[in-house]
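Notes for the one structure printed next.
The values are calculated or read from the model by the stated rules, or taken from the named source; none is laboratory data. Computed from a prediction, not measured in an experiment: that's the story for all the values here. Note that we place each Cβ from the backbone using ideal geometry, even for glycine, and neighbour counts take in every protein chain shown. Ligands, DNA and RNA are stripped out before the accessible areas are found, and what is left, the full protein with its side chains, is counted by its heavy atoms. Shrake-Rupley method; radii C 1.70, N 1.55, O 1.52, S 1.80 Å.
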Amino acid sequence: MSEFTLKYRLRRKAAQIFKYKKAPNLSADELREKYRKTSRVIPMMDKAFSPKLEYERRFEHGCLSTFLTRKDSTTALLYIPDTQMLKFPDGADYVLFEELALKTGRDVIIPHYPLCIECSMNEAVDMVYKVYKSLVSEYGAGNVAAAGCSSGGTLALALISHINELGENIPMPDKLYVSSPEMCIYSQEERERAKQLEKTDICLTVKWLDTFYDLITNGRELPKYMTYPQLGNYSGLKDAYICFADCEVLYAMCGELEAQMKSAGVDVTLEAGKGMYHGYPVMNTVKDAYLGHFNMISYLADRVTSAMFDDHTKVIFGKIVIRLS
């Protein structure tokens with residue numbers, strides 16, 4: 001009997017048959033033209049879905065951020081969404097944002113950072129840094145976590161190196177969570193591993209990672225820690241949780257990223273989802289992704305709350321036990 005659910009096996013098979021790839025077969029310039037019109041509009045909600053949350057929009061640092069807050073929260077999560085650096089999050093993404101706020105016990109702040117249509121990634125990193133800096137001032141050192149998936153994970157990793165690069169004595173996030181951060185290929189060894197993994201990846205390609213480099217640089221020279229997070233400076237960061245699918249092309253850079261963090265003294269937890277797909281803890285559309293999703297929420301939670309649990313989980317002697325059946 002297969003270790004995966006029928007729903008996931010069918011979806012994976014369909015993806016393989018139709019050779020579906022998340023990354024379109026376009027150049028960086030063609031992608032900019034494709035998304036130029038929609039990049040001028042930031043989809044916004046009128047209010048939070050949950051009555052337990054307050055919805056607020058703030059225009060600071062030259063860009064817009066969304067705040068999902070609750071009265072009893074004293075901690076924050078800077079959640080950097082996956083936009084492929086080409087578009088802004090839409091209404092469907094807010095379901096995740098609210099779930100994070102409700103289940104982690106943290107206020108959730110989503111920065112609508114500059115896209116790589118007209119600018120390059122360094123402007124997005126600068127904006128994310130300024131938002132993080134203001135959150136530390138508002139919530140206090142040790143009370144702000146950072147997280148991101150895919151391109152958002154790339155920005156979350158760049159944030160840590162940027163804090164070190166600027167040297168303004170800004171404290172590090174108390175926790176860092178990244179899922180499938182999009183890392184450009186740096187070495188020939190990484191490229192060879194990525195080409196092997198491309199055979200099993202149903203979302204991304206090696207070509208897309210090369211296109212992503214062209215997209216985020218936009219003809220400019222960027223610091224290596226922005227394009228190659230596996231070369232970043234993670235000094236001062238105490239705790240990190242990194243997650244990849246073991247069959248995605250990005251897993252080719254996983255070892256270098258983990259080693260770079262550990263060499264900086266970071267306590268790293270690595271989750272490698274066997275046979276899973278890009279960003280599965282965030283895009284948990286099948287039961288097979290539930291454990292990764294639960295791990296993400298429980299790691300980011302500032303305390304264990306009843307909202308974290310549902311019919312798939314139970315608590316025994318204060319420990320979280322996952323029951324998948």
Scanning the stretch 224-250 residue by residue, the ones that are closer than 19 Å to residue 147 by Cβ and either in contact with a Lys or Arg (Cβ under 8 Å, 6 or more places away or on another chain) or not aromatic (Phe, Trp, Tyr) (or both) total 15
When residue 89 is run through (1) touching a residue at least 24 places away in the same chain (Cβ under 8 Å); (2) in a loop (DSSP other than H, G, I, E, B); (3) open to solvent by 60 Å² or more (accessible area, probe 1.4 Å), the failure sits at (3)
The one condition residue 287 fails out of (1) buried (at least 18 other Cβ atoms within 10 Å of the Cβ); (2) touching a Leu at 6+ places or on another chain (Cβ under 8 Å) is (1)
Within the stretch 56-68, residues being open to solvent by 40 Å² or more (accessible area, probe 1.4 Å) and either part of a strand (DSSP E or B) or free of Cβ contacts under 8 Å to residues at least 24 places away in the same chain (or both) number 5
By residue number, the members of the stretch 258-316 that are hydroxyl-bearing (Ser, Thr, Tyr), farther than 30 Å from residue 6 by Cα and at pLDDT 90 or above are 263
Every listed condition ((1) within 18 Å of residue 279 (Cβ to Cβ); (2) in contact with a Ser or Thr (Cβ under 7 Å, 6 or more places away or on another chain); (3) surrounded by 21 or more Cβ atoms within 10 Å (Cβ to Cβ)) holds for residue 232 save (1)
Apart from one, (1) modelled with pLDDT of 95 or more; (2) closer than 24 Å to residue 74 by Cα all hold for residue 243; the odd one out is (2)
Filtering the stretch 275-289 down to residues that are under 14 Å from residue 250 (Cα atoms) and within 19 Å of the chain's Cα centre (by Cα) yields 276, 277, 278, 279, 280
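Taking the stretch 253-284 as the search range and keeping residues that are at positive phi and touching a Gly at 6+ places or on another chain (Cβ under 9 Å), which one is most open to solvent (accessible area, probe 1.4 Å)? Walk me through it before giving the result.
The initial filter retains those residues of the stretch 253-284 that are at positive phi, namely 265, 275, 279.
When the remaining residues are screened for being touching a Gly at 6+ places or on another chain (Cβ under 9 Å), the result is 265, 279.
Working: 265: 58, 279: 0 Å².
Step by step, filter the stretch 253-284, then rank; the result is 265.
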If you go through 40, 11, the only one that is open to solvent by 70 Å² or more (accessible area, probe 1.4 Å), more than 24 Å from residue 174 (Cα to Cα), free of Cβ contacts under 8 Å to residues at least 24 places away in the same chain and basic (Lys, Arg) is 40
Those residues of the stretch 125-155 which are free of Cβ contacts under 8 Å to residues at least 60 places away in the same chain and closer than 17 Å to residue 279 by Cβ amount to none
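Any idea which of 205, 227, 211, 200 is open to solvent by 30 Å² or more (accessible area, probe 1.4 Å), in contact (Cβ under 8 Å) with a residue 12 or more places away in the chain and among the β-branched types (Val, Ile, Thr)?
Details: 205 fails: open to solvent by 30 Å² or more (accessible area, probe 1.4 Å); 227 fails: open to solvent by 30 Å² or more (accessible area, probe 1.4 Å); 211 fails: open to solvent by 30 Å² or more (accessible area, probe 1.4 Å).
After ruling out the rest, the residue left standing is 200.
Can you confirm whether residue 158 is in contact (Cβ under 8 Å) with a residue 12 or more places away in the chain and under 17 Å from residue 233 (Cβ atoms)?
Details: in contact (Cβ under 8 Å) with a residue 12 or more places away in the chain: yes; under 17 Å from residue 233 (Cβ atoms): yes.
Judged against the criteria, residue 158 is a match.
Give the stretch 70-82 a look and list any residue that's farther than 28 Å from residue 121 by Cα and either in contact with a strand residue (DSSP E or B) (Cβ under 7 Å, 6 or more places away or on another chain) or touching a residue at least 60 places away in the same chain (Cβ under 8 Å) (or both), or say none. Talk me through it step by step, then tell me what you get.
Narrowing the stretch 70-82 to residues farther than 28 Å from residue 121 by Cα: 70-74.
70, 73, 74 - these are the residues of the stretch 70-82 that are farther than 28 Å from residue 121 by Cα and either in contact with a strand residue (DSSP E or B) (Cβ under 7 Å, 6 or more places away or on another chain) or touching a residue at least 60 places away in the same chain (Cβ under 8 Å) (or both).
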By residue number, the members of the stretch 103-114 that are touching a strand residue (DSSP E or B) at 6+ places or on another chain (Cβ under 9 Å) and open to solvent by 10 Å² or more (accessible area, probe 1.4 Å) are 114
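I'd like to verify a number: residues in the stretch 157-184 that are in a helix (DSSP H, G or I) and in contact with a Leu (Cβ under 6 Å, 6 or more places away or on another chain), how many?
Taking the stretch 157-184 first, the residues in a helix (DSSP H, G or I) are 157-166.
From what's left, in contact with a Leu (Cβ under 6 Å, 6 or more places away or on another chain): 160.
Within the stretch 157-184, residues that are in a helix (DSSP H, G or I) and in contact with a Leu (Cβ under 6 Å, 6 or more places away or on another chain) number 1.
On the given criteria, is residue 96 assigned to a helix (DSSP H, G or I) and either within 22 Å of the chain's Cα centre (by Cα) or at pLDDT 95 or above (or both)?
Details: assigned to a helix (DSSP H, G or I): yes; either within 22 Å of the chain's Cα centre (by Cα) or at pLDDT 95 or above (or both): yes.
The answer is yes for residue 96.
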